[in-house]
Amino acid sequence: MSIVSKLFFLIGSIQLLHAGFSSYEFYQILKNVTTEKKLTLPKDIQYETILGLLFTVFSIFLSFDKKSYYPIHMLKRDDIIKGEYLQDISLSKATDVDNLIGSNPTGEVSYTPNFIDIHEKRKSVKQWIAKNPTNEGKKQK
């Protein structure tokens, strides 16, 4: 964070704290005063709250590091990765394990059990039971 963003954050925080304390005092006084008019929060406290929020948000945006953009055809990528939160990954390295074990990472999306031909499936199960007679297979016949 730069000194300017820290200064804006300090000013915004102090303004928000002061606006909160002022509104608390106002409502404490309002409890003791009986009037027919409905009183609202004074404009100076409202303005102080808005300015405090603006200073705080502006300080957050000032605290971001400046990005520098490089052309796409640049071969050296070391400067681009410095100071970034995420590192480059190679898609082939990320999917090597899935490919080796025969796993489909998008299986839950591409697997559609409602497209299975149930009659064909029952026929193949009956053929398998006929080829592999077990006690359970004999009971089912």
> Listed residues Leu10, Leu53, Leu16; which is surrounded by 11 or more Cβ atoms within 10 Å (Cβ to Cβ), within 26 Å of the chain's Cα centre (by Cα) and at pLDDT 70 or above?
Replying inline: Leu53
> Only one residue in Glu108, Glu48 is in contact with a His (Cβ under 8 Å, 6 or more places away or on another chain) and modelled with pLDDT of 65 or more, so which one is that?
Replying inline: Glu48
>> Scan the range 61-79 and tell me whether some residue there is out of contact with any Pro (no Cβ under 8 Å at 6 or more places or on another chain), modelled with pLDDT of 90 or more and either aromatic (Phe, Trp, Tyr) or under 30 Å from Thr106 (Cα atoms) (or both).
In response: no
> What number of residues in the range 19-50 are farther than 30 Å from Asp65 by Cβ, within 37 Å of the chain's Cα centre (by Cα) and either of a type outside the set (Asp, Glu) or not in a helix (DSSP H, G or I) (or both)?
Replying inline: 11
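The values are calculated or read from the model by the stated rules, or taken from the named source; none is laboratory data. Since the model is a prediction, treat every value here as computed from it, not as a measurement. Every residue, glycine as well, gets a Cβ built from its backbone with ideal geometry; the counts of neighbours run over all protein chains shown.
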